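The values are calculated or read from the model by the stated rules, or taken from the named source; none is laboratory data. From a predicted model like this one, the values you see are computed outputs, not experimental measurements. Every residue, glycine as well, gets a Cβ built from its backbone with ideal geometry; the counts of neighbours run over all protein chains shown. We work out accessible area using only protein heavy atoms, side chains counted, and drop any ligands, DNA or RNA first. Shrake-Rupley method; radii C 1.70, N 1.55, O 1.52, S 1.80 Å.
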Amino acid sequence: MFDEIEFEKIKRLPKYVFAAVDELKMAERRAGEDVIDFSMGNPDGPTPRHIIEKLVESVQKPKTHGYSVSKGIYKLRLAICGWYREKYGVELDADTEVVASMGSKEGYVNLVQAITNPGDVAMVPDPCYPIHSQAFILAGGNVHRFRLVLNRDFTPDKDAFFRNIETAMRESSPKPKYLVVNFPNNPTTATVDLDFYEKLVALAREERFYIISDIAYAEITYDGYKAPSILQVPGAKDVAIESYTLSKTYNMAGWRVGFLVGNPRLVGALTRIKSWLDYGMFTPIQVASTIALNGDQSCVEEIRKNYRRRRDVLLQSFANAGWSIDKPKASMFAWARIPEPFREAGSLEFSKILLKEAKMAVSPGIGFGPYGDGYVRIALIENEERIRQAARNVKRFLRASSV
Ligand SMILES: Cc1ncc(COP(=O)(O)O)c(C=O)c1O
């Protein structure tokens, strides 16, 4: 019925590349195969006890059962301010520079809905977390992609990065209004230091564009590396908003808690659109999130250590199997170059081969944008034993395919 009625927005959304790998994974499992699943950035660990206990305590109070506050209860916004002060020495105004969201993805998508005029252009480095670009498409904007060129140590090639922005500002019509950055990066694990943000803020002021920074993995860092916040740069609030999530740091992905902070105009736009769309997260979730942010942080060190051990086991066991992977300094992923004999096939085909031949599921790099092909993303969401098992499967498969 009504086939002639087109849903233009839906037509602009490509089919999820990851769906192809997912379907194959399900087929393997239905056939009785034990698939080791590294495909999704979904933390497998439990939420720390003290956070759960706070949720339980709060849910037993009837006055927490009504509609909540769309932009986040005051205590949660204060806890967010405290977290920024403690971590980064950044002062935020809980009323005008902070808004809580139902996971950072919801906050990001609604921010983009709120601030995108038809035809507006956003610059998005590629590869990227898919919603970073698709949110602008959904909102009726356009995306200027540019390649995220990385050095061997997973830092961006700064010359290339800033040259790409300058070129976009000169050649794109209309001029881009927004730039999305995400460090530590999903999927590439790329990291930056504060001087990168200093340069970026200066350029944004000069060229007049807003920066949306996503630091979902800011706390999942290793070997002494600490991820900065763009808001540490003096004056950054004039041009930047930053999003963060409790999903990764506290194993709270299913709780859906995130927030955006920084530039009051952008925070205000998101707060306004959310006041029309939702009544806020369930109050007990907000209360427990307050405890997560300003309570004992030793759980974060445990979570970090767990990922680091898995990273080390992955790198070592896969190297033994004949697949050498460069060491990430942050995030819950490894960004692995496709082994030589399979590069021609591309990342989607290689992911399918890995599933069939090594019973291991990964995310094909092409799913994160055209410049992601050539790589697969391995999420550290299986335990060390399972990682070793995957390495044994890979070893067998690589041996068999080289004869
Ligand atoms: C870079 C990045 N940002 C945001 C998110 C979404 O997080 P949330 O659970 O807060 O929506 C993810 C999830 O994988 C992510 O990788």
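Points to keep in mind about this one:
- Qualifying residue in region 14-24 (condition: buried (at least 17 other Cβ atoms within 10 Å of the Cβ) and of a type in the set (Ser, Thr, Tyr)): no
- Taken over region 72-90, the criterion of being within 21 Å of Gly107 (Cα to Cα) and open to solvent by 60 Å² or more (accessible area, probe 1.4 Å) is satisfied by Tyr74, Lys75, Leu78.
- Selected residue [modelled with pLDDT under 95, assigned by TED's automatic domain parsing to the domain that holds Ile353 and of a type in the set (Val, Ile, Thr)] from Val17, Val35: Val17
- Ile273 meets all of the listed conditions (1) surrounded by fewer than 22 Cβ atoms within 10 Å (Cβ to Cβ); (2) farther than 15 Å from Gly41 by Cβ; (3) free of Cβ contacts under 8 Å to residues at least 60 places away in the same chain but one, namely (3).
- Any hit, region 112-120, residues being aliphatic (A, V, I, L, M), modelled with pLDDT of 95 or more and either touching a Ser or Thr at 6+ places or on another chain (Cβ under 7 Å) or assigned by TED's automatic domain parsing to the domain that holds Gly372 (or both): no
- Region 381-396 residues that are touching a residue at least 60 places away in the same chain (Cβ under 8 Å), paired with ones that are among the acidic types (Asp, Glu) and open to solvent by less than 70 Å² (accessible area, probe 1.4 Å) (beta carbon under 8 Å, 6 or more apart): Ile381/Asp37; Glu382/Asp37; Ala390/Glu382
- Verdict on Ser317 being among the polar types (S, T, N, Q), crowded, with 23+ Cβ neighbours inside 10 Å, touching a residue at least 60 places away in the same chain (Cβ under 8 Å) and assigned to a helix (DSSP H, G or I): no
- Applying the set (1) surrounded by fewer than 20 Cβ atoms within 10 Å (Cβ to Cβ); (2) more than 26 Å from the chain's Cα centre (by Cα); (3) of a type outside the set (Phe, Trp, Tyr) to Ala358 leaves exactly one unmet item: (1).
- From Leu150, Leu231, Leu179, Leu203, residue being at pLDDT 95 or above and either open to solvent by 40 Å² or more (accessible area, probe 1.4 Å) or hydroxyl-bearing (Ser, Thr, Tyr) (or both): Leu150
- In region 267-275, the count of residues that are over 18 Å from Pro187 (Cβ atoms), among the hydroxyl-bearing types (Ser, Thr, Tyr), touching a strand residue (DSSP E or B) at 6+ places or on another chain (Cβ under 7 Å) and assigned by TED's automatic domain parsing to the domain that holds Lys87 is one or more.
- Count of residues meeting criterion [farther than 30 Å from Arg308 by Cβ and outside any strand (DSSP E or B)] in region 174-206: 10
- Of the residues making up region 383-403, those that are of a type in the set (A, V, I, L, M) and surrounded by fewer than 17 Cβ atoms within 10 Å (Cβ to Cβ) number 2.
- Subset of region 25-51 [open to solvent by 100 Å² or more (accessible area, probe 1.4 Å) and among the hydrophobic types (A, V, I, L, M, F, W, C)]: Met40
- Hits in region 93-114 - residues which are away from the ligand (no atom under 16 Å from the Cβ) and open to solvent by 20 Å² or more (accessible area, probe 1.4 Å): Asp93, Asp95, Thr96, Glu97, Ala114
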